Amino acid sequence: MSDATRTGSGAAWRVPITRRDALRILAVGGAAGAAWGLGAFRRAGPVERSRILMGTRVHLTVLGEDRDAATAAADATLARMAELEALLSRYRADSEVGRLNANGRLAEASPALLDVLGLADRIHGLGDGAFDVSIQPLLDLYRNRLNRGAGPPAPAALEEVLERVDQRALQVRGRSVESRRPDLSITLDGIAKGYVVDRGVAVLAQRGFGNVFVEAGGDLMAAGDKGPGRPWRIGIRGPRPGISIQARFDTRNRAVATSGDYMQPFTADYAQHHILDPRTGTSAPELASATVVAPDAAMADGLATLVMVLGPRRGRALLEDLPECEGYLVAKDLEVVRTSGFSVV
């Protein structure tokens, strides 16, 4: 599968396609089903679909014997993922996130938004506030300065904006969501893409397809097997020029996500980048990248961002304590720290 190009979609998240293109999938294409299963499957081969959604390229690989059914399932999956994007994107004024940011209240939020906000609260608590969906005003401050060619914000400006960052000001009662602050603005970019991947995999499972691969710009779920007794093989992109693949590992029925300072660097030395600590307002200083393996893609997505902020020591300790979660962390000096259960090949 080739790298995504730097194009966009008017209905997408409107971030560069390469923002989270941190995982390169090895040999997922036509070879995926070349020698797997019955003769009917070998003749049919895997069904693959790609579409630009959420500001990145979404790619599906569906393995099965009935090509027509697999094609219909892939199309239904992409349609469902597009529906969720329309609910969760902060770039669409008519999305639920757009209306919540504009009005401070939603009387009847969708189950999808409630699910994502609930998981965001859990990850917020795991990191003592190091993950916070109300970080959007801080991101706006940095990007406005960058667009003017200015340097990082001064401490006084950071302090003023940080007063507006606290997702605990979001109050959920039943299906209603309301902000207790009039200037709260949220972004789900650090967690919603993984959630959309999960829901796509659920559509495929409902249609009887358990050997599938769903990826959205590096956030992915590898379900079932690539072939009889053969797991999916994942390659982690190196965080610095000259390092194509940092490491390879095998996985099945697990989600993977990577965050890195190189995805949206604000400065050439990667010291300033888009992964900001919502408690201090500054860029996460210790890690170049964090790859997290988790039971679902939403959790992997959120944890990868959180671990980048926590750094190698606290990030590794957190992942060691979470069931079925592993991590591969690359420090700024390229030293690798990984959890005890993360095996490379």
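The values are calculated or read from the model by the stated rules, or taken from the named source; none is laboratory data. Since the structure is predicted, the reported quantities are computational estimates derived from the model, not experimental observations. Every residue, glycine among them, receives a Cβ derived from its backbone with ideal geometry; neighbour counts consider all protein chains shown.
Considering only residues in the range 173-207 that are farther than 21 Å from Ala86 by Cβ and aliphatic (A, V, I, L, M), the one that is farthest from the chain's Cα centre (by Cα) turns out to be Leu184. Just one of the listed residues (Ser244, Ser259) is among the small types (Gly, Ala, Ser) and under 30 Å from Gly149 (Cα atoms), and it is Ser259.
Within the range 143-169, residues that are touching a residue at least 12 places away in the same chain (Cβ under 8 Å) and over 12 Å from Thr282 (Cβ atoms) have Cβ atoms under 6 Å from residues that are surrounded by fewer than 17 Cβ atoms within 10 Å (Cβ to Cβ) and polar (S, T, N, Q) in no pair, counting only partners at least 6 apart in sequence or on another chain.
Looking at Leu113, Leu146, just one residue is among the hydrophobic types (A, V, I, L, M, F, W, C), out of contact with any Cys (no Cβ under 7 Å at 6 or more places or on another chain) and surrounded by fewer than 20 Cβ atoms within 10 Å (Cβ to Cβ), and that residue is Leu146. Entry remark, the range 47-88: residues being in contact with a Gly (Cβ under 6 Å, 6 or more places away or on another chain) and over 15 Å from Asp189 (Cα atoms) number 3 in total. Residues in the range 243-269 that are part of a loop (DSSP other than H, G, I, E, B) and on the phi < 0 side of the Ramachandran plot: Ile243, Ser244, Arg252, Asp261, Tyr262, Met263, Gln264, Phe266, Thr267, Ala268, Asp269. Of the residues Leu106, Leu119, the single one that is buried (at least 17 other Cβ atoms within 10 Å of the Cβ), over 30 Å from Arg316 (Cα atoms) and touching a residue at least 12 places away in the same chain (Cβ under 8 Å) is Leu106. When the criteria are applied in full, Gly229 fails the requirement of being modelled with pLDDT of 95 or more and more than 17 Å from the chain's Cα centre (by Cα). The criterion of being of a type outside the set (Ser, Thr, Tyr) and part of a loop (DSSP other than H, G, I, E, B) does not hold for Glu83. Of the residues screened, Asp189 is one that is touching a Phe, Trp or Tyr at 6+ places or on another chain (Cβ under 8 Å), crowded, with 19+ Cβ neighbours inside 10 Å and modelled with pLDDT under 95. Within the range 192-212, does at least one residue satisfy the condition of being touching a Lys or Arg at 6+ places or on another chain (Cβ under 9 Å) and hydroxyl-bearing (Ser, Thr, Tyr)? The answer is no; no qualifying residue exists.
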